[in-house]
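Undergrad: The structure is given below, and queries will be raised subsequently.
Each value in this text was obtained by applying a stated rule to the coordinates, not by laboratory testing. Computed from a predicted model, the values in this text were never measured in an experiment. Neighbour counts run over all protein chains shown; Cβ positions are idealised from the backbone, glycine included.
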Amino acid sequence: MTVPRNAPRTSRFRTSRGGSQLIAEVVFIGDTQLGGEWIGDKEVVFDIDDPLHRWLRFLEQDVTPEQLQELMEVDEMIGEAEDRLNQLASDEVTRRLYRMREKALHDRATWLQDATNDGIERGVEQTAIRMLVRGFTADDIAEATGIDLQRIESLRRSRV
């Protein structure tokens, strides 16, 4: 049986001793919206009786007030989640902490990307230096590494 690309996948986490107590169950889903999505020859249609469908609809950016009201009437937990989100959104301190956390996450991602790029650049330069030591021509090094000829010449001078 082939599992559709967007089919949810579930991971269950249990205690390490005995493994009988369920700690958490996480459902991994694709970035799909309900309705208009096709799996094989079947269209995925929103089903208000399916808890996963209800939560996916709740989490959609463009859920209408009417849809939200219907979800809260059918699922008490969605109503509680909406109330909690509204409380958090109305608290200035919480909003400020949220913005600070988002900025910190963004800054960290930027730092990691910059560090990765620097590491790649250093690795390419080290490869070019090894190629120079082995007698490769500047043109061959430029073609193999993507480094421009001026930088290769600079690396050659720094190695002399």
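Undergrad: Can you pull out every residue in region 61-103 that is acidic (Asp, Glu) and either in contact (Cβ under 8 Å) with a residue 60 or more places away in the chain or loosely packed, with under 13 Cβ neighbours inside 10 Å (or both)? First the steps, then the outcome.
TA: Keep residues of region 61-103 that are acidic (Asp, Glu), which gives 62, 66, 70, 73, 75-76, 80, 82-83, 91-92, 102.
Of everything in region 61-103, those that are acidic (Asp, Glu) and either in contact (Cβ under 8 Å) with a residue 60 or more places away in the chain or loosely packed, with under 13 Cβ neighbours inside 10 Å (or both) turn out to be 62, 66, 73, 76, 80, 83, 91, 92, 102.
Undergrad: Given the conditions (1) at positive phi; (2) under 27 Å from the mean Cα position of the chain (by Cα), which single one is not true for residue 146?
TA: (2)
Undergrad: Taking the criterion of being out of contact with any His (no Cβ under 9 Å at 6 or more places or on another chain) and within 30 Å of residue 154 (Cβ to Cβ), would at least one residue in region 59-76 satisfy it? Spell out the reasoning first.
TA: Step one: list which residues in region 59-76 are out of contact with any His (no Cβ under 9 Å at 6 or more places or on another chain), which gives 59-76.
Next, only the ones that are within 30 Å of residue 154 (Cβ to Cβ) stay: none.
Among the residues of region 59-76, not one is out of contact with any His (no Cβ under 9 Å at 6 or more places or on another chain) and within 30 Å of residue 154 (Cβ to Cβ), which makes the answer no.
Undergrad: Next question. Filter region 78-129 down to the residues that are under 30 Å from residue 141 (Cα atoms) and of a type in the set (A, V, I, L, M, F, W, C) and list them by number.
TA: Within region 78-129, 111, 112, 115, 120, 124, 128, 129 meet the criteria.
Undergrad: Moving on to the next point. Taking residue 149 and the conditions (1) loosely packed, with under 10 Cβ neighbours inside 10 Å; (2) in contact with a helix residue (DSSP H, G or I) (Cβ under 9 Å, 6 or more places away or on another chain); (3) of a type outside the set (Lys, Arg), which numbered condition does it fall short on, given that it satisfies the others?
TA: Among (1) loosely packed, with under 10 Cβ neighbours inside 10 Å; (2) in contact with a helix residue (DSSP H, G or I) (Cβ under 9 Å, 6 or more places away or on another chain); (3) of a type outside the set (Lys, Arg), residue 149 violates only (1).
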